[in-house]
Amino acid sequence: MACSSHQPTTAKESTAIINNTAKENADEQLSMEPSSPEEPLSAFTAFGNTEKSWRTVIDGNQLSIEADFLKPTTIVVSRSTYAEGVEYVSTVSGKPIIMNINSQICTDDNGYQNEFTVTLTYDNKSYQGCAVAGAYETAPT
């Protein structure tokens, strides 16, 4: 989906943003104050399993990830909004991670429609998936 006001963030740009925000957020604690109805969504659960299985939960400025290609971890992310969605960036194990969520309906592998389409990029590889509003804890395994 094209958007003239937003250019996709490159790994190099993301790394620069991440390095700056990591220093600023090193001692910052997450505020759990409720959002007002006018504020954009700040919690999502995203998932994909086309190439490799992955699942993320975003709650405020924290992203938790479980993936076939990455150990389970929780990181602080920087958030940018644009006309058609939101993008979260950070690093995991020194490598950029970018999650782009847009308002396009997504049909998952089971045929269910979900509110958002997601592209998760880690270590210069992109994974497609779907997302729903809200932070849903993972099921016990």
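How much length would be gained if the chain were fully extended between Thr73 and Asn110, taking 0.36 nm per residue of separation minus their Cα-Cα distance, in nm to one decimal?
10.7 nm
Once you wrap a convex hull around the alpha carbon atoms of segment 42-83, what is its projected area averaged over all directions, in nm²?
In nm², the orientation-averaged hull projection of segment 42-83 is 3.4.
In segment 70-106, whose amide N lies under 15 Å from the spot 7 Å out along Cα-to-Cβ of Gln62? List them in ranges.
Residues passing the 15 Å test: 73-78.
Please list the non-local residues whose amide H lies under 5 Å from the amide H of Ile97, H modeled 1.01 Å from N, same-chain partners needing a gap of 5 or more.
Ser90, Thr91, Val92
Only the coordinates and a few stated rules stand behind these numbers; no lab work does. As the structure is a computational prediction, the values presented were derived from the model and not from experiment. Here Cβ is always computed from backbone atoms with ideal geometry, including for glycine, and neighbour counts include all displayed protein chains.
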